[in-house]
Structures are given as structure tokens and as C-alpha cells.
1. Helix 22-32 against the longest principal axis of the chain: what's the angle in degrees, Cα atoms only, rounded to the nearest 10?
2. Can you list residues whose amide H is under 5 Å from GLY81's amide H, if they're 5+ apart or on another chain and H is modeled 1.01 Å from N?
3. Only Lys, Arg, Asp and Glu count, each charged at its Cβ (+1, +1, -1, -1), so figure out the dipole size of the chain about its Cα centre, rounded to 20 debye.
4. Counting GluC sites (Glu not before Pro) as exposed when in a DSSP loop with at most 10 other beta carbons within 10 Å, what is the longest stretch of the chain free of them?
5. Give the cross-link partners of LYS139 among the lysines, using a straight C-alpha distance below 16 Å as the criterion and excluding same-chain residues fewer than 8 apart.
6. Cα-based Rg of the chain per 2.2 N^0.38 Å, rounded to two decimals?
7. Hey, which lysines would be in cross-link range of LYS107, C-alpha to C-alpha under 28 Å, not counting anything within fewer than 8 residues on its own chain?
8. What whole-number distance in Å separates the alpha-carbon centres of the stretch 82-146 and the stretch 3-76?
Amino acid sequence: MSLKVEDVMVEDVVSVSEKATVKEAAELMDQHEIGCLVVVKNGKPVGIVTETDMVKRVILGPVDPEKTKVWKIMSRPLVVGNPQMDVDEASKLMRKRKIKKLPVIEKGRLVGLVTTTDIVRSPEVMKMMIKAIKRNVIKEIITAIQQRLELEK
């Protein structure tokens, strides 16, 4: 049985209206101590605003945070996953699209968010990584023993 996105995702996702200002979005991110907001239009996810978006498009760009609307700086189109997606598949999608945060959508509704950190910190993923490390260590030990035996001949 493979690990699913629903097993590692955060369900309590903070969203913001596309009509909110960049300043309001930044305040919301600060208030909740989070690195992104899913942008919604009429209750449907349409984009995402991340700390990177804030830096690249607001701090480094000629944008007035008090007047500019979130929809102007959000990343789009929104790359999404679904709860039943394998974590491995989600990881590959995130690497391919060069993103660290993947909104999780089910029947057009935002049901969660999975990040690269969520995946790595998952106990199941940790167990899989430990098993892989153990296998590699055992292989290295066997190789070292075989090499030593060859030298002793």
C-alpha cells in the first residue's frame, strides 16, 4: 500500500480572496505564520501566493502593496493534486513544476495543502528513508567484506 497525499496534507488551509490587497495577504500570512495563501474567486481556488511571490513581485517589483490586488501577483495556473494521489506522484509533480506547495482539490473544492516539508516530515516517509539508508549501508558493508576477502587471498 502506498502513502497518499491525504495522509500527509494539512487540512486547515488559509485562503484569500483574489480581490484582497497584497498588504492584506501579507498580514494574513504573518498572522497565521504561514508561507502561502490559496487565492479564491467565488469560493474556487484560482491561484496561490507564496513568500517567493511576495519577494519577486512586490519587494523587487514596482508594486504598491496597499493598492495592488492579490490576483496580479499570484502564481497561476494553479497546479493541484488530489487526496488519493500517491505521495510519490505528488513529489514528482512538484519537482517537475518547481513548486514547494501543492493545493489539494477534491470535486472543485480546496480540501488541503501538501508541502515538500510535510512529505519529508511524514513518519511513513521517514521510515521508508531509514529502510533505504539501512539497505545502502548493508550493501556497503557486504562490498567492503568482499573486497577485504579478495585482498586476503
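Where a number appears in this text, it was derived from the coordinates with a stated rule and is not lab data. All figures in this text were calculated on a predicted structure; none of them were measured in a lab. Reconstructed Cβ throughout: ideal geometry from the backbone, glycine too, with neighbour counts over all protein chains shown.
1. 50
2. Excluding prolines and chain starts, which carry no amide H, the hits are VAL104, ILE105.
3. For the chain, the charge dipole is close to 620 debye.
4. That would be 67-153.
5. Within reach: LYS131.
6. Against the compact-globule rule of thumb, the ratio is 1.43.
7. Partners within reach: LYS4, LYS19, LYS41, LYS44, LYS69, LYS72, LYS92, LYS96, LYS98.
8. Each part reduced to its Cα centre gives a spacing of 24 Å.
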